Each structure stands twice: as C-alpha cells, then as structure tokens.
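Peer 1: This is the structure I want to talk about, given as structure tokens.
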Amino acid sequence: MATLTLWRASCLATLFAAVGAGVVGGHGPGVQDVVQPLRGRQLTESGRLGPMVLDLTGDLLTTRHWYADIRLGTPPQIMPTLVHTGSSFLTLPCKETCGHRCSAFEHVQFSTNQSDSARMVGADRCPAFAQPNGSRCEWSRVFALESSATAAVMREAMFGEAGRDVTFGCYIETTADLLEGTVSGVLGLAPRASPGVGAGAYGGFAEELLAYFQHQVISLAYTRDGGTLVFGDTIPSDGLARLELDISRGAYSPTLLGLVSPTAPSLKVGAAGFGRHTVIDSSQSLARFPKETAAQLFDVMLAACQAAGACIKSIEPSNCFTVPSGQDPSQHFPTLTFLFRAAGGGEARVSWEPKDYVCKSAPTLWCVSFDAHDSDETILGAGWLVGRNVSFVLEEPIYLATQGVTELSWAQRYKLEYIAAALVLGVGTAAFLLFRRKLAVRSRAHFLDVPLHPRSVHAYGPHS
C-alpha cells in the first residue's frame with residue numbers, strides 16, 4: 001500500500017513539475033509565441049520565404065568582428081560582409097565604381113559587369129536615404145573613428161534568385177580603415193527611420209530584405225568563434241525575455257533601467273548611468289559605457305580579483321587585467337545583471353556571465369569585453385552579444401527577445417507557490433505513510449513475538 005501511495009505521489013510530483021516548466025522553464029513567461037522551430041527555407045502559402053540561416057565567422061581577439069558570406073548577383077558572387085546592427089544599408093567595394101580607391105579590399109570586390117541583374121539607380125528614383133548626384137543616386141555616411149564612405153546606389157538580385165532584388169551601394173570612395181581583414185562590405189541590419197513617417201517606421205536594406213520573408217525577424221547568435229544569423233525567424237532558446245525596443249531613431253534601442261550584481265552588492269547603477277540612450281551595435285567589438293559607469297564596473301572587478309589574490313589592473317589596454325599565474329580569473333569576477341524595461345511594461349533581467357565577458361589576450365593578460373568612452377550613451381557591442389541569442393522582432397508589437405528572466409506576474413507567482421506547496425505536501429504524505437507502514441509492521445511483529453517472514457525482513461530490514 002505504501003509503495004503504491006509513493007508511486008502515486010511521484011506521478012503527481014512529475015505532473016506538477018511539468019506544469020511548472022510551462023510557467024518558468026522552456027522559453028520563459030510570455031514568449032512562447034515568439035520561439036518556434038526553424039523551418040526550412042521554403043515558400044509559404046503567402047509566397048514568402050521561410051527562414052534562412054547564415055553561418056557567422058569571427059571572434060573578439062583576431063577579427064574583432066563577425067561577418068557573413070552573402071550571395072549577390074546573377075550568377076551569385078559570394079561577398080564576406082560585416083554584420084552591422086548600427087547601419088541600415090548594404091555596401092560593397094565594386095571594381096567598376098571604386099577600383100584603386102578601394103585598394104584595402106583588393107582581396108575580394110563585387111563586379112557589376114559580371115552580373116546579369118545589376119543595374120544603377122538613376123537620380124530620378126533615389127530612395128529616401130540617398131541623394132541625387134548628376135545622373136545617378138548616391139549614399140554617404142560618416143562612421144565611428146572618422147571613417148566614411150560614399151556609394152553609388154544599385155539594384156541587384158539577392159540570394160541568387162531572380163525577382164528578389166535589394167538596394168545596395170557600390171563604394172565610390174571610402175577610408176582605408178573602415179574595415180580590416182577578410183571583410184569586404186557592410187551588411188547593415190539596423191532599421192532606418194523614414195522621413196515623414198511616424199515613430200516605429202523603418203526603411204533601408206533590412207526592411208527591403210525582410211519583405212521577402214514570412215516573419216519580420218532578424219536573429220543573431222554570437223559564439224566565441226562564430227555564430228548564426230537568421231532572417232525570418234527567432235532562434236529557439238530557453239529562458240527568453242521580451243524587452244521593449246525603440247526603433248524610431250533608426251537604431252535598435254532597448255531601455256536600460258539599471259545594472260546590479262548578485263555576487264557584488266556594491267554595484268548599483270541606475271538608469272542615468274547609461275546616458276541618453278542605449279543602442280545595440282554589432283560593429284563595435286566591445287560594449288561601451290559612459291566613463292563613470294565603466295569606472296564602477298572596473299572597481300568592482302578589481303576588488304573581487306584582488307581579494308582572491310589573482311590579478312592587478314592593467315594600464316594598457318585599459319580593459320585588461322594582469323594575472324601573474326596565467327590562470328583563468330573569470331571565476332573571481334561577478335555576474336552582471338542588466339535591468340531592462342520589458343515589452344508591455346515591468347522589468348526584465350538579463351545576465352552577463354564572466355565566462356562570456358572575460359577572455360585571454362596573452363599568457364598573463366585577460367581582458368573584459370567592455371570599456372569606457374566619452375559619449376553620453378551606452379553601446380552594447382559584439383562583446384555583449386557573445387554567448388546569447390538576440391532576436392529583433394519587427395512585427396507589431398516590436399520588441400527584442402534575448403536570454404533573461406522576466407519578472408513574474410502575481411498570477412504566475414501564485415501558481416508557482418501552489419505547485420511548490422503541492423510538491424512538498426505530496427512528498428511529505430508519501431514519506432509519512434511509508435513510515436507509518438514500517439511502524440505498524442514492526443509493532444505487530446513485536447506483539448506476536450515471532451520473526452517476520454523472510455521476504456518482509458528482506459524488504460524492510462530486521463526488527464529490533
């Protein structure tokens with residue numbers, strides 16, 4: 001009887017645990033409708049494409065950025081492009097428009113003459129983000145570190161498929177330090193605020209590209225040595241949180257409310273510590289905070305590391321620590337918890353683990369993937385993206401999905417408390433019944449003053 005009761009209690013516990021997983025496990029509260037298995041890249045009933053997955057190459061130490069190979073033109077030409085969530089345009093070095101002025105990109109240049117589908121956009125058909133110049137349309141922009149580019153606006157077939165054209169720019173001129181290494185162009189994935197259209201409107205390459213997909217979603221998963229870029233769907237993940245996302249300024253801007261640490265109570269940064277606004281810009285290798293906030297972070301980390309006798313702060317580079325033993329010091333650094341405004345109100349917590357923000361730069365030098373800058377804003381760069389999945393959902397309602405823990409509603413807390421109480425009650429009842437059964441058997445054996453049946457002795461042990 002006791003065995004049967006215990007078995008029933010175990011079944012109830014399993015059932016309650018499964019119900020609980022639907023509330024706090026899986027994809028987290030309120031985001032079950034976001035996360036879907038990646039479908040094959042097929043045409044849907046609406047004639048739009050299913051999701052497309054591209055592999056990313058990159059890391060923080062050697063390339064200091066992540067790039068994707070895209071297929072453009074007819075026949076397709078493969079172009080390695082920087083994944084740039086801070087730009088809204090696809091730009092490439094082209095032999096016919098840039099030539100020797102793009103000598104930094106001699107390793108690979110796009111050729112419009114070798115594509116049957118390339119065509120110049122005339123001055124009379126300039127999109128809102130470009131300007132007419134003579135008979136053609138041109139786009140120009142000044143990037144960080146005084147880099148700049150001017151490009152002729154073109155139309156071309158994307159993915160090597162006729163009828164799925166996108167607008168891009170062929171460099172006319174660009175500074176040599178715009179990009180380095182094996183990357184040739186910029187894959188601008190940021191939204192672009194359209195003039196004359198209300199807040200939340202976006203335009204440019206991302207809007208044009210996503211129009212071919214069933215779902216208006218761009219997802220990134222950065223790892224230490226690569227990653228994944230997905231057009232048209234989210235990336236299945238556990239513990240996703242939905243964050244409020246502002247795209248009215250032509251950038252991905254979540255709202256940071258604070259920064260704390262469960263292992264370093266002295267770290268407390270309020271909303272004012274992040275400046276005027278926060279943007280996610282994957283072209284920046286590091287996360288960058290206003291000076292006072294960055295100083296707080298470094299002070300907390302240095303104190304934790306010195307307390308363990310593991311390291312000292314490096315003078316140069318400013319975001320590194322000298323570790324005389326050469327051993328990984330990340331175990332001594334605190335976990336950082338960002339407090340974001342959740343989509344729909346409330347607060348969402350997103351963690352940044354030391355294993356994701358600390359990396360080895362030299363035998364005795366370990367660096368963190370953030371630093372200070374003079375600007376009155378916070379930039380969450382590629383370093384912040386490492387180790388997490390991020391999905392920019394541009395369908396209404398617009399939001400950002402990433403790993404985190406959302407604040408539970410009263411109803412969810414009540415349900416969790418009920419589940420916990422039921423589990424405790426079920427296990428406690430089973431233990432009590434089993435104990436009572438043992439006591440009854442032993443008492444009966446003592447009263448009769450006869451030994452227990454051998455099978456009973458084997459099952460419950462000898463009586464006293």
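The values are calculated or read from the model by the stated rules, or taken from the named source; none is laboratory data. Note that the structure is predicted; figures quoted are calculated from it, not measured. Every residue, glycine as well, gets a Cβ built from its backbone with ideal geometry; the counts of neighbours run over all protein chains shown. Just so you know, the surface numbers come from the protein's heavy atoms only, side chains and all, with ligands and any DNA or RNA stripped out. Shrake-Rupley method; radii C 1.70, N 1.55, O 1.52, S 1.80 Å.
Peer 1: Does the range 289-332 hold any residues that are modelled with pLDDT of 90 or more and under 18 Å from Asp374 (Cβ atoms), and which are they?
Peer 2: Phe289, Pro290, Lys291, Glu292, Thr293, Ala294, Ala295, Gln296, Leu297, Phe298
Peer 1: Let me ask another. Would you pick out the residues in the range 326-358 that are out of contact with any Ser or Thr (no Cβ under 7 Å at 6 or more places or on another chain), polar (S, T, N, Q) and either touching a residue at least 24 places away in the same chain (Cβ under 8 Å) or surrounded by 20 or more Cβ atoms within 10 Å (Cβ to Cβ) (or both)?
Peer 2: Scanning the range 326-358 gives a single hit, Ser330.
Peer 1: Tell me, yes or no, whether the range 169-178 has at least one residue that is open to solvent by 10 Å² or more (accessible area, probe 1.4 Å), assigned to a loop (DSSP other than H, G, I, E, B), in contact with a strand residue (DSSP E or B) (Cβ under 6 Å, 6 or more places away or on another chain) and modelled with pLDDT of 85 or more.
Peer 2: No, every residue in the range 169-178 fails to be open to solvent by 10 Å² or more (accessible area, probe 1.4 Å), assigned to a loop (DSSP other than H, G, I, E, B), in contact with a strand residue (DSSP E or B) (Cβ under 6 Å, 6 or more places away or on another chain) and modelled with pLDDT of 85 or more.
Peer 1: All but one of (1) part of a strand (DSSP E or B); (2) at positive phi hold for Gly326; state the number of the condition that does not hold.
Peer 2: Gly326 satisfies all of (1) part of a strand (DSSP E or B); (2) at positive phi except (1).
Peer 1: A further question follows. Just to check your reading of the model, which residue among Val24, Val53, Val83 is surrounded by 13 or more Cβ atoms within 10 Å (Cβ to Cβ) and either modelled with pLDDT under 90 or touching a His at 6+ places or on another chain (Cβ under 6 Å) (or both)?
Peer 2: Result: Val24 is the single residue among Val24, Val53, Val83 that is surrounded by 13 or more Cβ atoms within 10 Å (Cβ to Cβ) and either modelled with pLDDT under 90 or touching a His at 6+ places or on another chain (Cβ under 6 Å) (or both).
Peer 1: Need the failing condition index for Val269 against (1) touching a strand residue (DSSP E or B) at 6+ places or on another chain (Cβ under 6 Å); (2) not in a strand (DSSP E or B), just the number.
Peer 2: Answer for Val269: the failing condition is (2).
Peer 1: Go through (1) more than 30 Å from Val186 (Cβ to Cβ); (2) open to solvent by 20 Å² or more (accessible area, probe 1.4 Å) one by one and return the number of the condition Ser283 breaks.
Peer 2: The number of the failed condition is (1).
Peer 1: Next question. Restricting to the range 210-242, name every residue that is hydroxyl-bearing (Ser, Thr, Tyr), open to solvent by less than 10 Å² (accessible area, probe 1.4 Å) and under 20 Å from His84 (Cβ atoms).
Peer 2: Ser219, Tyr222
Peer 1: When you scan the range 359-387, how many residues do you find that are open to solvent by 10 Å² or more (accessible area, probe 1.4 Å) and either in a strand (DSSP E or B) or in contact with a strand residue (DSSP E or B) (Cβ under 8 Å, 6 or more places away or on another chain) (or both)?
Peer 2: Counting residues in the range 359-387 that are open to solvent by 10 Å² or more (accessible area, probe 1.4 Å) and either in a strand (DSSP E or B) or in contact with a strand residue (DSSP E or B) (Cβ under 8 Å, 6 or more places away or on another chain) (or both) gives 16.
Peer 1: Filter the range 99-119 down to the residues that are open to solvent by less than 20 Å² (accessible area, probe 1.4 Å) and at pLDDT below 90, then identify the one that is farthest from Ile172 (Cα to Cα).
Peer 2: That would be Phe105.
Peer 1: Please determine, by comparing only the residues of the range 277-323 that are assigned to a helix (DSSP H, G or I) and not aliphatic (A, V, I, L, M), which one is farthest from Tyr399 (Cα to Cα).
Peer 2: If we take residues in the range 277-323 being assigned to a helix (DSSP H, G or I) and not aliphatic (A, V, I, L, M), then Gln306 is farthest from Tyr399 (Cα to Cα).
Peer 1: Further question: Is it the case, given these coordinates, that Ser266 is closer than 22 Å to Glu353 by Cβ and open to solvent by 50 Å² or more (accessible area, probe 1.4 Å)?
Peer 2: yes
Peer 1: Answer yes or no: is there a residue in the range 33-49 that is open to solvent by 20 Å² or more (accessible area, probe 1.4 Å), modelled with pLDDT of 85 or more and hydroxyl-bearing (Ser, Thr, Tyr).
Peer 2: Looking through the range 33-49, none of the residues is open to solvent by 20 Å² or more (accessible area, probe 1.4 Å), modelled with pLDDT of 85 or more and hydroxyl-bearing (Ser, Thr, Tyr).
Peer 1: Please work out which one of (1) surrounded by 22 or more Cβ atoms within 10 Å (Cβ to Cβ); (2) closer than 26 Å to Val186 by Cβ; (3) of a type in the set (A, V, I, L, M) is the condition Leu259 fails and give its number.
Peer 2: (2)
Peer 1: Report, ordered by the first and then the second residue, all pairs with beta carbons closer than 6 Å, sequence separation of six or more or different chains, a first member in the range 293-309 that is under 15 Å from Leu336 (Cβ atoms) and in contact (Cβ under 8 Å) with a residue 12 or more places away in the chain, and a second member that is assigned to a helix (DSSP H, G or I) and open to solvent by less than 40 Å² (accessible area, probe 1.4 Å).
Peer 2: Here the result reads Thr293/Gly273, each pair linking the range 293-309 to a residue that is assigned to a helix (DSSP H, G or I) and open to solvent by less than 40 Å² (accessible area, probe 1.4 Å).
Peer 1: All but one of (1) open to solvent by 20 Å² or more (accessible area, probe 1.4 Å); (2) touching a residue at least 12 places away in the same chain (Cβ under 8 Å) hold for Leu245, so report the exception by its number.
Peer 2: Condition not satisfied by Leu245: (1).
Peer 1: For the range 65-78, does any single residue satisfy the condition of being exposed (fewer than 14 other Cβ atoms within 10 Å of the Cβ) and modelled with pLDDT under 90?
Peer 2: So far as the range 65-78 goes, no, none of its residues is exposed (fewer than 14 other Cβ atoms within 10 Å of the Cβ) and modelled with pLDDT under 90.
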